[in-house]
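We did not get these values from a lab; they are worked out from the coordinates using the rules stated. A quick note: this is a predicted structure, and the numbers were derived from the prediction, not measured. No Cβ is skipped: glycine too gets one built from the backbone with ideal geometry, and neighbour counts run over all protein chains shown.
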Amino acid sequence: MNIILFGPPGAGKGTQASALCEAYSMPQVATGDIFRAHLKNNTELGQLARGYMNNGQLVPDEVVWKLVESRLSEPDCAGGVLLDGFPRTVNQAELMLGWFKSTGRELNRVLALIVPDEELVVRLAGRRTCLDCQATYHVQNNPPAVEGVCDRCGSTRVVQREDDSEETVRLRIATYHRETSPVLAFFKEQGLASEVEGLGEISDVAARLRQALQG
Ligand code: ADP
Ligand code: AMP
């Protein structure tokens, strides 16, 4: 099964992805995580992506697609994948659908988390991210069991992402409305999108996502 977990920055995609991937035994492909790994390793791609990321802009489509195509071609993605943070433009969506078709794969569903902008700002301002395994927390809504220590990998490098500053968050939300929200309309037209209420307890949102996938 190939699924897209769609939504604005801060909607809860990363938070929900791990349980979904576990339930359906499929890998998570999160383009933001891939770019952050490149930033951490100071690769050429990381250096290129940094400027876009820290200005709340999207990395150019051709760069993103090259990366995603190569990741999707790896053997662990052959049986299905959960995409998180991709596609973010209609052009990316079209490139992906063309590739799926040419490789005999199918996009099964787009699960779109719906969360109002003001809640996104609160969530992103309080988000903390593990630099080592990318797990995310929230200072109030979802703190790690021991402050500053990652529940998942034990790292003590649980920090605020550079692009989670209030100023960059506002830019990222504006970028979402301008460039990414048309992707939802695109998938809706094709009857592939299920809109899921993203407000409420994390466990309630998880139940709604499972229900949307089963329905
Ligand atoms: P995304 O991957 O869509 O950018 P995240 O999953 O990182 O978003 O979530 C953004 C922030 O919101 C994190 O701090 C996370 O802990 C918090 N969060 C996620 N889901 C909820 C929820 N249902 N209610 C409140 N806070 C949430
Ligand atoms: P995320 O972790 O999904 O919030 O992504 C962090 C940043 O990485 C974004 O603000 C973009 O600059 C970049 N990025 C991630 N995914 C994409 C994508 N599909 N297209 C373009 N840029 C992306």
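Taking 0.36 nm per residue of separation and subtracting the Cα-Cα distance, full extension of the segment from GLU106 to ASN55 would add 15.0 nm. Ordering TRP99, TRP65 from the fewest to the most neighbouring beta carbons within 10 Å gives TRP99, TRP65. Normalising by residue count, region 1-96 has a Cα convex hull of 103 Å³ per residue. What the Cβ-Cβ distance of ARG152 and GLN190 gives, at R0 = 25 Å and to the nearest 0.05, is a FRET efficiency of 0.10. Summing Cβ point charges (Lys, Arg +1; Asp, Glu -1) relative to the Cα centre of the chain gives a dipole of roughly 200 debye. Put in order of Cβ neighbour count within 10 Å, fewest first, the listed residues MET1, MET96 become MET1, MET96. Rounded to 0.05, the FRET efficiency of the ASP76 and GLU179 pair, given R0 = 30 Å and the Cβ-Cβ distance, is 0.55.
Looking at region 54-115, the pairs of alpha carbons with a distance over 19 Å make up 32% of the total. Restriction of the GluC sites (Glu not before Pro) in region 76-155 to DSSP coil positions whose beta-carbon has at most 16 other beta-carbons within 10 angstrom yields GLU106, GLU147.
Based on every Cα atom in region 109-152, Rg and the maximum pairwise Cα distance Dmax equal 12.4, 36 Å. The alpha carbon convex hull volume per residue for the chain rounds to 119 Å³.
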